[in-house]
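To start, the structure itself, in structure tokens.
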Amino acid sequence: MEGRIAIVRKGLYGLKTSGNAWHAHFANTLHSMGFTPTRYDPDVWLRKRDDATGYDYISAYVDDFLITAKDPWPFMLQLQEVYKIKDPAAPSTYLGALYTGDPSGIWTINCKNYIKAALLQVESMIGCEIRDSVTPSATADHPEEDTSEILDNHRHRQYQSMAGMAQWLTTLGRLDICYTVSSLSRFCSCPIETDTTKEWLDYGDI
């Protein structure tokens, strides 16, 4: 193949521009359906219902999306005309959260599965089993006063990864760890030796 030019007819992954191209295409599709991005998050789209009783929403993350609407199926059918959607149905999991309920009733979101997966990933990182914890951080813990050594590059990345997991847990509903996560997330650019980060996830498993 040396000296020849290859033309890519359809590239889904691997190209630097693939993500932006997909996002732009999906955005154009949602615009054509009457949705507009919210000011809070450009990947959360809303559309005022025809009967003016409220708004319907479509949230997107890469090539996953979730429809939150009074009647979601017409929107799903419109999207199926443009994209090949695998097993369209009421959601069971989305971005690590477990959804249970009935399309005509009340839905609940549970992050237990995400916590279990996060614990396994952290145990693999640190090379040991995580112990149980009854609080998200030690009593009278003040990380801003800690003078421990700064983490090396490898453990720095581990710290940031664990912080990201903990931040996503608060998004999924674990408001009981908000303060601790917010406190230690301030040190993501220059973390120090501390066990508090692991305690976030230890506590989250109770």
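The values are calculated or read from the model by the stated rules, or taken from the named source; none is laboratory data. A quick note: this is a predicted structure, and the numbers were derived from the prediction, not measured. What goes into the accessible areas is simple: the full protein's heavy atoms, side chains included, and nothing from ligands, DNA or RNA. Shrake-Rupley method; radii C 1.70, N 1.55, O 1.52, S 1.80 Å.
Summary table below
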| item | result |
| --- | --- |
| Interchain or long-range residues, amide H under 5 Å from TYR94's placed H | TYR99 |
| Per-residue ³J(HN,Hα) for region 177-191, Karplus 6.51 cos²θ - 1.76 cosθ + 1.60, θ = phi - 60°, Hz, x for Gly and Pro | 10, 4, 5, 5, 4, 5, 5, 7, 5, 5, 9, 4, 7, 8, x |
| Backbone HN-Hα couplings from phi across region 34-50 [Karplus 6.51/-1.76/1.60, Hz, Gly and Pro as x] | x, 8, 10, x, 6, 6, 5, 8, x, 9, 10, 10, 10, 8, 6, 5, 4 |
| Length released on extending from TRP107 to ILE130, taking residue separation times 0.36 nm less the Cα-Cα span | 5.1 nm |
| Accessible area of HIS142 in the full protein assembly, 1.4 Å probe (Å², nearest 10) | 90 Å² |
| Distant-in-sequence amide H partners of ALA69 (H built 1.01 Å from N, under 5 Å) | TYR57 |
| Volume in Å³ per residue [convex hull over Cα atoms, computed for region 34-168] | 207 Å³ |
| Rounded to the nearest 10 Å², the accessible area of GLU149 at probe 1.4 Å | 140 Å² |
| Extended-chain gain in nm, criterion 0.36 nm per residue less alpha-carbon gap, GLU81 and THR38 | 13.0 nm |
